[in-house]
Amino acid sequence: MPLRLDSADRDFEARFSDLLAGKRESSRDVSDAVAAIIADVRSRGDAAVAELTNRYDKAGVTADTLRLDAREIGAAARQVPDNVRAALQVAHDRIRAHHEKQKPQDHVYTDALGVTLGTRWTPVDAVGIYVPGGLASYPSSVLMNAVPAHVAGVSRIAMVVPTPNGEINPAILAAAEIAGITEIYRIGGAQAVAALAYGTASIARVDKVVGPGNAYVATAKRQVFGQVGIDMIAGPSEVLVIADGSANPAWVAADLIAQAEHGAGAQSILVTTDSRLAGAVATEMERQLALLPKQALAREGWEEFGAIITVASLDQAADLANRIASEHVELALDDPQALLPAIRHAGAIFLGHHTPEAIGDYVGGSNHVLPTARSARFASGLGVLDFMKRTSLLGCTPSALSALAEPAVTIAGVEDLDGHGRSISIRLNT
Ligand SMILES: NC(=O)c1ccc[n+]([C@@H]2O[C@H](COP(=O)([O-])OP(=O)(O)OC[C@H]3O[C@@H](n4cnc5c(N)ncnc54)[C@H](O)[C@@H]3O)[C@@H](O)[C@H]2O)c1
Ligand SMILES: N[C@H](CO)Cc1c[nH]c[nH+]1
Ligand SMILES: [Zn+2]
């Protein structure tokens with residue numbers, strides 16, 4: 001059984017703090033293992049990537065077969081049934097339409113002094129997109145990564161995906177085809193992130209690595225940051241459901257199981273004002289888990305890190321939600337809009353009884369690559385801006401420079417940087 005907490009209990013704060021501190025995504029062991037993998041890829045390149053891929057994925061690759069060729073991609077994609085292709089196309093089109101609305105505008109203006117100021121957006125040249133594939137396969141993540149990159153105008157998109165036992169779900173390649181991705185490598189884990197960040201003989205390095213993954217992937221992204229950009233830490237998935245007496249316990253239980261199904265580090269938490277609902281959801285979880293074919297994975301995710309928390313009010317539920325800063329927050333309430341302003345830290349918020357998180361995983365149109373492990377306190381979900389950079393523009397007329405010279409030279413003086421001051425004053429009166 002997962003943790004049961006009541007905010008009225010004397011030891012609530014201590015137990016809630018333990019829940020927040022739970023090591024789901026990073027540990028000393030994983031950090032050390034990842035550092036060793038990155039060092040190995042940096043020194044031995046493709047040979048290390050192939051060896052590590054065979055060790056962890058049993059993929060049967062050599063340094064020469066890391067990349068899928070166009071014929072393989074086309075043949076696998078053609079195996080995909082029409083209804084699956086059509087579903088992926090629906091998802092693609094909805095994700096594209098939503099992300100088109102995120103495209104930023106350049107702007108330039110001239111102020112009263114005659115100074116021209118502006119902001120210009122340009123795409124990142126080359127990105128690596130990580131599509132997870134250890135325990136489950138995620139064709140939807142191909143679209144969630146690739147579509148915003150295309151909308152941003154990225155010219156090179158290199159995709160990596162692990163192929164356990166040398167097998168790849170054809171729907172991954174169908175999704176790649178729909179999204180227009182042609183550079184695909186059958187590699188995953190920390191070795192894939194290292195290859196993208198540092199480059200090898202067969203994989204040209206990229207400028208930024210994005211995408212979700214397990215603890216090894218998340219830790220590798222932390223460790224290569226600086227060599228390349230990263231989007232955020234999108235590690236093991238999590239959901240926090242806020243529910244009152246209006247919620248259907250069977251639906252809430254199904255939503256908690258859906259995230260727990262991601263296994264290994266996944267977390268599902270219910271916060272409710274209704275103690276009867278808390279009990280009913282616990283009972284429903286047991287009933288539904290017993291029916292699930294993949295119950296072992298979901299049970300592991302639920303029992304190791306899951307929790308049911310009873311609170312006195314929805315305001316208190318919102319406070320706890322902000323402290324947890326979950327990847328997904330569901331408001332299973334009749335009037336979700338009333339609580340919405342109080343939820344400030346969440347990767348994505350799902351409004352009302354008829355918006356299960358899983359609709360956002362696939363076809364809602366919003367992105368499912370979202371910050372985990374409390375990083376929604378400072379990070380956002382993947383979007384077009386993650387694939388772009390902002391450059392500022394500044395231009396002075398002679399009179400604008402004259403008007404600004406005195407305060408600028410004064411500040412240069414207090415910083416004791418006379419060269420800075422002189423580069424301004426040298427332009428005056430000439
Ligand atoms: N936050 C998000 O937006 C989001 C979206 C989709 C999926 N996810 C998460 O992505 C994760 C996918 O995990 P996964 O495991 O199925 O696939 P994965 O592709 O992330 O990881 C598989 C790789 O892990 C590496 N690995 C496994 N065991 C290892 C070990 N002992 N030592 C070194 N490397 C090892 C291997 O290289 C393997 O290729 C889940 O946690 C899921 O919750 C998150
Ligand atoms: N819930 C995951 C993280 O947002 C995404 C996903 C893909 N497929 C199923 N689920
Ligand atoms: Zn999911």
In the range 135-161, the residues that are of a type in the set (A, V, I, L, M, F, W, C), more than 17 Å from VAL90 (Cβ to Cβ) and within 14 Å of ligand 3 (Cβ to nearest atom)
LEU135, ALA136
Only one of SER402, SER326 that is hydroxyl-bearing (Ser, Thr, Tyr), modelled with pLDDT of 95 or more, touching a Leu at 6+ places or on another chain (Cβ under 8 Å) and within 16 Å of ligand 3 (Cβ to nearest atom)
SER326
Taking the residues in the range 76-93 that are in contact with a helix residue (DSSP H, G or I) (Cβ under 7 Å, 6 or more places away or on another chain) and not small (Gly, Ala, Ser) as candidates, determine which candidate is surrounded by the most Cβ atoms within 10 Å (Cβ to Cβ).
LEU88
Can you tell me how many residues within the range 215-259 are within 10 Å of ligand 1 (Cβ to nearest atom) and touching a helix residue (DSSP H, G or I) at 6+ places or on another chain (Cβ under 8 Å)?
14
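The values are calculated or read from the model by the stated rules, or taken from the named source; none is laboratory data. All of these numbers come straight from a predicted model, not from anything done at the bench. Positions of Cβ are backbone-derived with ideal geometry, glycine not excepted, and every protein chain shown enters the neighbour counts.
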